[in-house]
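Inspection log for the structure reproduced underneath, given as structure tokens.
Derivation of every value follows stated rules applied to the coordinates shown; laboratory data play no part. Just so you know, these numbers come straight off a predicted model, no measurement behind them. Don't worry about glycine lacking a Cβ; one is built from the backbone with ideal geometry, like all the others, and counts go over all protein chains shown.
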Amino acid sequence: MARPKIALIGAGQIGGTLAHLAAIKELGDVVLFDIAEGTPQGKALDIAESGPSEGFDAVMKGTNDYADIAGADVCIVTAGVPRKPGMSRDDLLGINLKVMKSVGEGIKQYAPNAFVICITNPLDAMVWALREFSGLPHEKVVGMAGVLDSARFRHFLSVEFNVSMRDVTGFVLGGHGDTMVPLVRYSTVGGIPLPDLVQMGWTSQEKLDAIVQRTRDGGAEIVGLLKTGSAFYAPATSAIEMAEAYLKDQKRLLPCAAYVDGAFGLNGMYVGVPTIIGAGGVEKVVDIKLNKDEQAMFDKSVEAVKGLVEACKGIDTTLA
Ligand code: APR
């Protein structure tokens, strides 16, 4: 069987890391696309030259021509600009919306059967716009946020409890912004829900609250440290986890920015919810029950996302 084809639209910090991970994991042949001349070609060659030592078989190609993504099975989109210190994800809206238009049109023309994972921020609005511009089925266009936010939450929890990250589950829903909703009740250490761990005296409510806040601020913490860009290792790893779930039909239950129509009382919008990712793309949105406080936080997050989508419609009237 021919190797799957993975097109990476954007060959910056995240794009390059995605290419390296896809090669090491032998997920398929990789095409790195970027508007910057030389960057995708240079990164593709550099990664290909790591093949003999690493021992992978994957063709790496860098390009500035959308025709080279033809027939891609998976497209992962990071094209656009990242945050600088002091900027929120929402500050990127105007610039990155224009980028989504050109990327959406490129995917529509050359890779209409792909499973598309958007990473570009502000995520929930950009994945919506990318779906609109590309015209692909909703279940084939999804945003990467919840896997990353949950990974950050799980990492902080593993440090607090001094247990392996593998034994910590975490669930973060809602928009990928300050209003994201880390669901404490549905997050566990070895299957024990976090509120029970507070009761057992393994941590305090104050410490748990601080971890929740640090998770919400996880992206900004890294922007503040790096100063010249935003996080790229963990975002790339999270998107690769989603791509692998699709390519290997793993039926993973992952929190993703998916199109929600009916579940959670929503009618037709992208926001972070639990999904099943398999060969059909987003095969299911898992409509979990939220308590009053969680629902209030989720509603606030949904309103923030709706505001960004309205702003997109104001900037590009073809979206209205
Ligand atoms: N088409 C293709 N590529 C583009 C376009 C475009 N229209 N506009 C910009 N790019 C490319 C840039 O040339 C750059 O190589 O997108 C790449 C972005 O890479 P970085 O600046 O290194 O940004 P990165 O850290 O990879 O983040 C990308 O993901 O997490 C989000 O907020 C982040 O929106 C940002 C995106």
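If you place +1 on the Cβ of every Lys and Arg and -1 on the Cβ of every Asp and Glu, how big does the dipole about the Cα centre of the range 168-318 come out, in debye to the nearest 20? It would help to have the intermediate numbers written out before the result.
Values: 14 positive and 18 negative charges, 33 e Å.
In debye, rounded to 20, the range 168-318 gives about 160.
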Debye intensity ratio I(q)/I(0), log10, the range 208-261, q values 0.14, 0.22, 0.28 Å⁻¹ (C-alpha model) | -0.56, -0.95, -1.05
Can you pull the Kirkwood radius for the range 6-55, inverse mean 1/r over Cα pairs, to one decimal in Å?
-> 10.6 Å
Mind sorting L247, L136 by how few other Cβ atoms lie within 10 Å of their own Cβ, fewest first?
-> L247, L136
With the radius of gyration and the Kirkwood radius both derived from the Cα set of the range 250-315, what is their ratio Rg to Rh?
-> 1.01
Log10 I(q)/I(0) at q = 0.29 Å⁻¹ for the range 172-217, from Debye over equal alpha-carbon scatterers, is -1.07
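Beyond 25 Å, what share of the Cα-Cα pairs of the range 1-117 remains, rounded to the nearest whole percent? All intermediate terms of the calculation are to be shown ahead of the outcome.
Numbers: 1473 of 6786 pairs.
The share of Cα pairs beyond 25 Å in the range 1-117 comes to 22 percent.
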For the chain: Kirkwood Rh in Å [reciprocal of mean 1/r, alpha carbons] = 19.8 Å
By the Cα gyration tensor axes a ≥ b ≥ c (a/c under 1.5 gives rounded; else a/b larger than b/c gives prolate, otherwise oblate), the shape of the range 176-320 is rounded
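As a footprinting exposure proxy, order R83, R3 by other Cβ within 10 Å, with the fewest listed first. Could you put the intermediate results ahead of the total?
Details: R83 21, R3 14.
With the sparsest Cβ surroundings first, the list reads R3, R83.
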Gyration tensor verdict on the range 81-193 (Cα atoms; rounded if a/c is under 1.5, prolate if a/b is larger than b/c, oblate otherwise) | prolate
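Based on other C-beta atoms within 10 Å, arrange M165, M297 from fewest to most. Display every interim value, and only then the final one.
Working: M165 13, M297 17.
By the 10 Å Cβ count, ascending, the order reads M165, M297.
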For the range 40-48, take each phi angle, set θ = phi - 60°, evaluate the Karplus expression 6.51 cos²θ - 1.76 cosθ + 1.60, and give the result in whole Hz per residue in order, putting x for glycine and proline.
-> x, 5, x, 5, 4, 5, 4, 5, 4
Rounded to the nearest 500, the 222 nm mean residue ellipticity computed for the chain from DSSP H runs (n ≥ 4, each -39500 (n - 2.57)) alone is -13500 deg cm²/dmol
Out of Q250, Q199, Q13, any idea which swings most in a Gaussian network model of the chain, alpha carbons joined below 10 Å?
-> Q199
Mind jotting down the three principal axis lengths of the range 131-219 based on Cα atoms? Whole angstrom, largest first.
-> 51, 23, 18
